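Inspection log for the structure reproduced underneath, given as structure tokens.
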């Protein structure tokens with residue numbers, strides 16, 4: 001049973017996008033704060049009226065986000 005809902009976050013064209021890694025959710029926001037709110041709302045909606053165990057999750061899973069840093073921020077010449 002999973003206890004972490006994981007999202008991969010990227011920023012392109014001044015829009016933050018979060019894609020669920022182990023859950024079928026995609027959401028976005030113009031700011032990171034707006035994105036966090038949208039992730040929480042989307043997760044609540046996904047679980048609304050559902051038994052989390054039947055979806056493969058524990059009763060109160062945590063949310064983990066991973067943020068992609070563009071290569072030009074750390075000096076990559078790729």
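The values are calculated or read from the model by the stated rules, or taken from the named source; none is laboratory data. Note that the coordinates shown come from a computational prediction; the quantities given were computed from them, not determined experimentally. FYI the Cβ positions are ideal-geometry reconstructions off the backbone, even for glycines, and counts take in every protein chain you see.
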> Does residue 4 satisfy the condition of being within 22 Å of residue 60 (Cα to Cα), surrounded by fewer than 17 Cβ atoms within 10 Å (Cβ to Cβ) and touching a residue at least 60 places away in the same chain (Cβ under 8 Å)?
Replying inline: yes
> When the residues of region 11-31 are filtered to those that are surrounded by 13 or more Cβ atoms within 10 Å (Cβ to Cβ) and over 10 Å from the mean Cα position of the chain (by Cα), which remaining residue is modelled with the lowest pLDDT?
Replying inline: 11
>> I'm trying to understand the selection: among the residues of region 17-36, which are within 10 Å of residue 65 (Cβ to Cβ) and part of a strand (DSSP E or B)?
In response: 18
>> Checking residue 49 against (1) part of a loop (DSSP other than H, G, I, E, B); (2) in contact (Cβ under 8 Å) with a residue 24 or more places away in the chain, only one condition comes out false. Which one?
In response: (2)
